[in-house]
Amino acid sequence: HLVLLSRRGPEAPGADALVAALAELGARSTVLACDVADRTALEGVLARLRAEDDTVRAVVHTAGMTSDTPLADCTPEELAADTAAKTRGAAHLDALFEGVGLDVFVLFSSISATWGSGGQGAYAAANAYLDGLAAARRGRGLTAVSVAWGPWSGAGMA
């Protein structure tokens, strides 16, 4: 059973087609609206899953972000807002699955965390956070991997 979370949930473009494609492959899936950067909302989803006797075995965090403001021009508030989708959501998932025996905990990062990304300092910083979070989880004996995407199709995830 795949539980797919996004801010728009079933209203996200392509959600119905994705559920249909997954069903054709034999997977049951549920699409829910939840901003994982909102810990209370995420706790609500997890409570719902527990109430339905669904056991979470894998977490895959694929949140994206865009920020073209050079880091030197970002205020601390702008940096926090720009990076929240990746960092806050990942931190909540880490905390809420601390004592759960997951098989998989995957974070989608970017090679920009290592090499930088001209004019996208906040993006690079958020991805470096994900890499560090995966290392910290492994240091605590928990499963984690951070997949650092490189450029593909000329523009990474874009």
Please pick out the residue among Ala12, Ala63, Ala21, Ala37 that is at pLDDT 95 or above and not basic (Lys, Arg). Ala21
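Out of the residues in the range 69-82 that are surrounded by 13 or more Cβ atoms within 10 Å (Cβ to Cβ) and either among the basic types (Lys, Arg) or not in a helix (DSSP H, G or I) (or both), state the one that is modelled with the lowest pLDDT. Explain how you work it out, then say what you get.
Start the filter on the range 69-82 by keeping residues that are surrounded by 13 or more Cβ atoms within 10 Å (Cβ to Cβ), which leaves 69, 71, 74, 78-82.
From what's left, either among the basic types (Lys, Arg) or not in a helix (DSSP H, G or I) (or both): 69, 74.
Details: Thr69: 71, Cys74: 79.
This residue is Thr69.
So, in the range 1-42, exactly how many residues are surrounded by 13 or more Cβ atoms within 10 Å (Cβ to Cβ) and either out of contact with any strand residue (DSSP E or B) (no Cβ under 9 Å at 6 or more places or on another chain) or on the phi < 0 side of the Ramachandran plot (or both)?
Of the residues in the range 1-42, 25 are surrounded by 13 or more Cβ atoms within 10 Å (Cβ to Cβ) and either out of contact with any strand residue (DSSP E or B) (no Cβ under 9 Å at 6 or more places or on another chain) or on the phi < 0 side of the Ramachandran plot (or both).
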Selection from the range 6-16 of residues that are aliphatic (A, V, I, L, M) and touching a helix residue (DSSP H, G or I) at 6+ places or on another chain (Cβ under 8 Å): Ala15
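Being in a strand (DSSP E or B) and either without any contact (Cβ under 8 Å) to a residue 40 or more places away in the chain or touching a helix residue (DSSP H, G or I) at 6+ places or on another chain (Cβ under 6 Å) (or both) narrows it down to one of Val3, Val31, Val19, Val60, so name that one.
Values: Val3 fails: either without any contact (Cβ under 8 Å) to a residue 40 or more places away in the chain or touching a helix residue (DSSP H, G or I) at 6+ places or on another chain (Cβ under 6 Å) (or both); Val19 fails: in a strand (DSSP E or B); Val60 fails: either without any contact (Cβ under 8 Å) to a residue 40 or more places away in the chain or touching a helix residue (DSSP H, G or I) at 6+ places or on another chain (Cβ under 6 Å) (or both).
When all the criteria are applied, what remains is Val31.
Rundown of residues vs (1) in contact with a strand residue (DSSP E or B) (Cβ under 9 Å, 6 or more places away or on another chain); (2) surrounded by fewer than 17 Cβ atoms within 10 Å (Cβ to Cβ); (3) hydroxyl-bearing (Ser, Thr, Tyr), yes/no style:
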{"position": "Asp53", "(1), (2), (3)": "no, yes, no"}
{"position": "Ala63", "(1), (2), (3)": "yes, no, no"}
{"position": "Ala84", "(1), (2), (3)": "no, no, no"}
{"position": "Phe108", "(1), (2), (3)": "yes, no, no"}
{"position": "Ser112", "(1), (2), (3)": "yes, no, yes"}
{"position": "Ala125", "(1), (2), (3)": "no, no, no"}
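Taking Gly44 as the residue in question, decide whether it is among the small types (Gly, Ala, Ser), without any contact (Cβ under 8 Å) to a residue 12 or more places away in the chain and in contact with a Cys (Cβ under 8 Å, 6 or more places away or on another chain). Let's see the steps before the verdict.
On the way: among the small types (Gly, Ala, Ser): yes; without any contact (Cβ under 8 Å) to a residue 12 or more places away in the chain: yes; in contact with a Cys (Cβ under 8 Å, 6 or more places away or on another chain): yes.
Here the answer is yes, as Gly44 does meet what is asked.
Rundown of residues vs (1) assigned to a helix (DSSP H, G or I); (2) of a type in the set (Gly, Ala, Ser); (3) modelled with pLDDT under 95, yes/no style:
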| position | (1), (2), (3) |
| --- | --- |
| Ala47 | yes, yes, no |
| Asp53 | no, no, yes |
| Asp94 | yes, no, no |
| Asp131 | yes, no, yes |
| Ala155 | no, yes, yes |
Yes or no: the range 105-113 includes at least one residue that is more than 22 Å from Ala124 (Cα to Cα) and either among the aromatic types (Phe, Trp, Tyr) or at pLDDT 95 or above (or both). no
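The values are calculated or read from the model by the stated rules, or taken from the named source; none is laboratory data. What you see is a predicted model, and the numbers here were worked out from it, not measured in a lab. Heads up, the Cβs are rebuilt from the backbone with ideal geometry, glycines too, and the neighbour counts pull from every protein chain shown.
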